[in-house]
1. Once amide H atoms are placed 1.01 Å from N in the peptide plane, what residues at a sequence separation of 5 or more from Met160, or on another chain, have their amide H within under 5 Å of its amide H?
2. May I ask you to compute the full-extension gain from Thr201 to Val143, defined as 0.36 nm times their residue separation minus their alpha-carbon distance, rounded to one decimal in nm?
3. Roughly how many nanometres apart are two label points built 7 Å out from the Cα toward the Cβ at Ala76 and Ala251?
4. Which residues in the range 133-159 have a backbone N closer than 12 Å to a point placed 7 Å from the Cα of Val49 along the Cα-to-Cβ line?
5. What list of ³J(HN,Hα) values in whole Hz, one per residue of the range 82-95 in order, does the Karplus curve 6.51 cos²θ - 1.76 cosθ + 1.60 (θ = phi - 60°) give from phi, with Gly and Pro shown as x?
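Every number in this text was worked out from the coordinates using simple rules, so none of it is lab data. If you're wondering where the values come from, they're calculated on a predicted model, not measured in any experiment. Don't worry about glycine lacking a Cβ; one is built from the backbone with ideal geometry, like all the others, and counts go over all protein chains shown.
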Amino acid sequence: MNAPLSAELLPDAALAAGVFMRMATAVAAGAMPLASRVGIRVRVAVAMVLAVAALPAARGTGDTLTRLPAWPFMLAGEAVVGLAMGAAAACVLAAAGWAGMILGSVAGLSWADDFTPDAEGDPQGAGMASFAAWLALAGFLAVGGHLHVVAGLIDSVRTMPVGTALNAGAAPVEAIVCTLPGLALSLALALAAPALAAVVTFHLATAICLRAIRFSPGPGVLQAVASLVLFAAVVAGAATWIGGFAAGVHAPLERCFSGLAS
């Protein structure tokens, strides 16, 4: 006699819910670079598409369907895994924005808050941070980086099957969360270093010149010239901001998704 239909569908429904929870929390945390810049409906749609794409891989992980824990614990574990992956990937993808924020602050763009009064954090670097982030994002998308992120999210259901996040033998996700922000900060400093050297050199040369000759620049003149120096340095190193960022985030992102293997 065949088992009741509900007994056959319940494990599939639990597995689908777990996969969707992992993908939804990862997208909400910023794993997809463009999904975080759009509305909630698009984010939900992206999470659903990722869940549908990852469901066959999740079903192929051995006897996962027979080892799923209770629904609340399973969903909580998948939320933790998705949040860890999304936050770690978001930190790596935000490295260019951090580099732009550093440059904007060092350049002394004190007038930037007039153009971005609602900017969060340091308004002096808001414009430069957005410019650097979009430059890097363009290079990331040009080399198909978003496809690697999608593949990593889908493959995560193989490296850490649904329902195993709370097992003692699973790899600790806190190692990823604690390691990748440091790697992202190192990448941000590496991106900002050439332009930072140019801006600091300009400030030093200007200070020496103002000490050597009697000249009092008008209000905002030094900041305007410093912004031009900064812009010229970034444009001159555009290949690094676009191609270098895409190459630099490959290894951290691969570590983010493959590091979940048990």
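1. Excluding prolines and chain starts, which carry no amide H, there are no hits.
2. 17.5 nm
3. Between Ala76 and Ala251, the label points sit 3.8 nm apart.
4. Correct set: 147, 150.
5. x, 5, 5, 5, x, 5, 5, 5, 5, 4, 5, 5, 8, 4
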